[in-house]
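S.K.: Here it is, the structure, as structure tokens.
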Amino acid sequence: MNNKIKLAVAGAVLSAASIANAGIIIPAGDWTIDINGNVNAFATWSDADKGKGTVKGRLAFGEDNDGEGTGQGINTGLLPAWLGFTGTTRQNDVDVSFTISFQPNVSDNKAMGDQSTPLNRQAFVTFGDKSWGTVKLGKDLGIFGGQAILNDMTLLGVGSFGGGSGGATTLGGIGTGYIYPAWKGQIAYTTPNMNGFSATIAITNPNQGSFGDATNGSAKAELNQDRFGFEGQVMYEWTGDVAGKVWASGASYDVTIDASQALGTAGTGGNTVSGDVDSYTATVYDIGAAVSTGNLGLVGYYYNGEGVGTTMMGGANGVLGTGDDYGCYVTGSKCKERDSDGGYVQATYVIPTGTKLGLAYGVSKLDEASGETDGTLLDKNERWTVGAYHPLTKHLNLVAEYNKLESEGQNGSANNYEQDTFSLGAILFF
């Protein structure tokens with residue numbers, strides 16, 4: 001790693017380590033073992049205003065019941081602390097590798113300080129050859145939206161954050177510019193590099209989810225994916241005085257509202273929910289570009305989807321009837337997909353001291369479904385980020401960020417929350 005912070009370094013930590021971004025290399029017979037990862041921690045200070053009305057799907061916090069809107073904590077940033085093991089070998093003219101990683105937290109909000117479960121985000125094997133491509137089997141970062149998070153400068157910092165005492169990771173730009181790609185079981189094929197062009201196609205595990213809160217008398221229903229997810233990406237990369245890449249990706253999932261596990265009742269009408277209610281298809285695509293020349297780096301990104309919400313793929317608020325509104329959980333009702341779109345723009349510049357200064361703006365917007373008139377539904381989550389990332393040593397980087405987060409409902413200024421977060425910390429790669 002050189003002494004200029006590059007987002008590709010953080011990207012290498014999130015995916016299988018490469019020779020260009022190697023950690024601790026150990027020859028082991030036929031294998032070469034790479035032990036790699038990072039440790040990061042940040043002090044955060046947040047200040048939220050009182051907030052106006054209800055905004056379903058907001059990310060900005062408001063004041064609590066005691067009128068307190070400030071929060072402080074020691075926390076891992078968007079990128080969790082990471083310990084990864086990658087083994088590579090070549091056998092029978094085939095390149096073979098495995099990656100297994102663990103992500104412990106650096107802080108914990110529990111009374112004993114040691115009760116949060118560590119993350120396990122990677123366990124996969126790859127095999128292939130530069131002449132015909134690579135096959136991946138196992139759990140890794142999702143393909144749709146992956147480039148959006150890997151090129152987000154807050155991957156080295158905090159980004160959006162609730163501002164309380166330490167927990168797991170922060171949001172970065174998730175939900176304020178891009179949808180979280182998540183970590184998914186997958187079988188993927190990537191073509192060889194063809195003069196800078198490559199493509200990936202994959203089937204992914206049909207993840208499940210649930211919405212509702214039985215303790216509040218609402219139905220708790222399951223979101224069951226009926227088939228493998230389909231994800232894919234095309235990318236073109238080039239080098240030179242002006243270097244960069246452009247990409248486009250997409251994903252499709254079929255989802256069924258399964259209320260067979262429902263407890264309580266749904267909606268204000270008191271209708272009991274049972275059995276499969278309705279199905280819908282969640283689809284989304286994106287396009288992005290990252291360009292660098294000299295000390296200047298620019299990123300532009302846009303996504304558009306139906307039934308995917310604004311933060312998690314196929315998650316809350318993707319259709320009329322999720323989140324706090326249970327219309328399509330009632331037998332006979334139909335789920336109506338909500339359209340959503342957003343993106344972010346980002347500019348970074350490395351000054352003579354080696355410090356990378358960055359400015360980013362991101363927004364994730366949600367439209368009401370056909371015929372829907374709910375002024376409390378989220379209209380947009382919007383973020384401004386100013387950051388400074390300084391390489392104190394070859395591997396250790398000091399980070400300072402300011403983030404302004406605003407969540408606005410469909411009623412505009414009548415439903416609005418604002419939050420400011422300042423963070424200071426460091427991230428060490430090895």
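The values are calculated or read from the model by the stated rules, or taken from the named source; none is laboratory data. In this text the structure is predicted, and so the values were computed from the model without any measurement. With ideal geometry, Cβ positions are generated from the backbone for all residues, glycine too; neighbour counts draw on all protein chains shown.
S.K.: Show the residue pairs that are 6+ apart or on different chains and have beta-carbon atoms under 8 Å apart, the first residue being within region 222-249 and closer than 19 Å to residue 305 by Cβ, the second being at pLDDT below 95 and of a type in the set (D, E, K, R).
M.R.: 223/258; 225/254; 226/254; 227/254; 229/184
S.K.: For residue 354, indicate whether it is at pLDDT 85 or above and surrounded by 22 or more Cβ atoms within 10 Å (Cβ to Cβ).
M.R.: no
S.K.: When both residues are 6+ apart or on different chains and their Cβ atoms are under 8 Å apart, which pairs have a first residue that lies in region 289-311 and is in contact (Cβ under 8 Å) with a residue 24 or more places away in the chain and surrounded by fewer than 21 Cβ atoms within 10 Å (Cβ to Cβ), and a second that is among the hydrophobic types (A, V, I, L, M, F, W, C) and outside any strand (DSSP E or B)?
M.R.: 295/351
S.K.: Might you let me know whether region 316-331 holds any residue that is modelled with pLDDT of 95 or more, surrounded by 18 or more Cβ atoms within 10 Å (Cβ to Cβ) and hydrophobic (A, V, I, L, M, F, W, C)?
M.R.: No, region 316-331 has no match at all.
S.K.: Identify, please: which residue in region 233-285 is at pLDDT 60 or above and in a loop (DSSP other than H, G, I, E, B) and is, among those, nearest to the chain's Cα centre (by Cα)?
M.R.: The extreme case among them is 239.
S.K.: Mind listing whichever residues of region 78-109 are more than 19 Å from the chain's Cα centre (by Cα) and either part of a loop (DSSP other than H, G, I, E, B) or basic (Lys, Arg) (or both)?
M.R.: Listed by number, the residues that qualify are 90, 92, 93, 106, 107, 108, 109.
Each row is one residue, and each column tells you yes or no for (1) at pLDDT below 90; (2) touching a helix residue (DSSP H, G or I) at 6+ places or on another chain (Cβ under 9 Å).
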| site | (1), (2) |
| --- | --- |
| 150 | no, yes |
| 153 | no, yes |
| 167 | yes, no |
| 181 | no, yes |
| 191 | no, no |
| 194 | no, no |
| 213 | yes, no |
| 219 | yes, yes |
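S.K.: May I ask you to list the residues in region 20-55 that are farther than 23 Å from residue 79 by Cα, of a type in the set (S, T, N, Q) and assigned to a strand (DSSP E or B)?
M.R.: Correct list: 32 only.
S.K.: Filter region 179-201 down to residues that are out of contact with any Ser or Thr (no Cβ under 9 Å at 6 or more places or on another chain) and assigned to a strand (DSSP E or B), then give me how many there are.
M.R.: 2
S.K.: I've got another one for you. Need pairs with beta-carbon distance below 7 Å; first residue closer than 12 Å to residue 423 by Cα and in contact (Cβ under 8 Å) with a residue 40 or more places away in the chain and within region 39-53, second part of a strand (DSSP E or B) and of a type in the set (Phe, Trp, Tyr); sequence gap 6+ or separate chains.
M.R.: So the pair list comes out as 45/422.
S.K.: Okay, next question. May I ask you to list the residues in region 221-232 that are at pLDDT 80 or above and surrounded by fewer than 16 Cβ atoms within 10 Å (Cβ to Cβ)?
M.R.: Across region 221-232, the qualifying residue is only 227.
S.K.: Here is a list: 36, 65, 92, 40. Which entry is surrounded by fewer than 19 Cβ atoms within 10 Å (Cβ to Cβ) and modelled with pLDDT of 90 or more?
M.R.: 92
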